[in-house]
Amino acid sequence: MFDYDRKVEENRKRNEKYIKEFENWLNEKGLVKKTIRKHLSNVDLYINNYLNYYDITKVEDGMTCIHSFLDGWFIEKCLWASKNSLKETAASIKKFYQYMSENNYVSVEDYKDMCSFIKENMDDFLEQVDAFDNGTYYDII
């Protein structure tokens, strides 16, 4: 196994703890199983695929990567990308980092900054989805 592959696998194993705790946290919030599965799937995509795609980024540092994920990677790499799926994925990531901040894995201030950033830029992210769908995406990036 290559060193990079080994490090990715270590990071994924490390993330299992957060995924399990997040699932418990969602259950405690009273969410229905279908919603919990959707959040877990979206978060898994972000922390285990995207955060290991270009570099190996620990989940605690993942909030700094949200722009390139929502503004490009998700749109380009996920065949199911749509305005709705982008909004749902962003909501799942915000919930995940809410859990992370409530458990002191990340700072509340960083979590709030990330949420504000997503809110302020969501229209731009959604425009990127439209541009990708109508073939003008690569003309504007």
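Counting residues in segment 3-140 as N, plug N into 2.2 N^0.38 Å and put the Cα Rg over that result. Spell out each step's value before the answer.
On the way: Rg = 15.0 Å, N = 138, 2.2 N^0.38 = 14.3 Å.
Output field value: 1.05.
Cut-off is 10 Å between beta-carbons; in what order do His39, His67 appear when sorted fewest neighbours first? It would help to have the intermediate numbers written out before the result.
Values: His39 23, His67 14.
So the ranking, lowest neighbour count to highest, is His67, His39.
By the Stokes-Einstein formula, at 1.306 mPa s and 10 °C, segment 53-100 with its Kirkwood radius over alpha-carbon pairs has D equal to 139 µm²/s.
Please rank Ser101, Ser68, fewest neighbouring Cβ atoms within 10 Å first, as an exposure proxy.
Values: Ser101 19, Ser68 13.
Ascending Cβ contact count within 10 Å gives the list Ser68, Ser101.
Sorting Phe132, Phe117 on the 10 Å Cβ count, fewest up front, what's the list? Can you show the working numbers first?
Values: Phe132 18, Phe117 15.
Fewest-to-most ranking of Phe132, Phe117: Phe117, Phe132.
Taking the C-alpha atoms only, the angle from helix 108-134 to the longest principal axis of the chain is near 40 degrees.
Angle of helix 3-28 to the longest C-alpha principal axis of the chain, folded into 0 to 90 degrees and rounded to 10: 80°.
Comparing Tyr97, Tyr54, Tyr111 in a Gaussian network model of the chain, where Cα atoms under 10 Å apart are tied by springs, the biggest mean-square fluctuation is seen for Tyr54. Against the chain, whose longest principal axis comes from its Cα atoms, helix 83-102 is set at around 30 degrees.
Laboratory data are not the source of any read-out in this text; all were calculated from the coordinates shown. Owing to the predicted nature of the structure, the values given are computational and were not obtained by experimental measurement. Backbone-built Cβ (ideal geometry, glycine too); neighbour counts: all protein chains shown.
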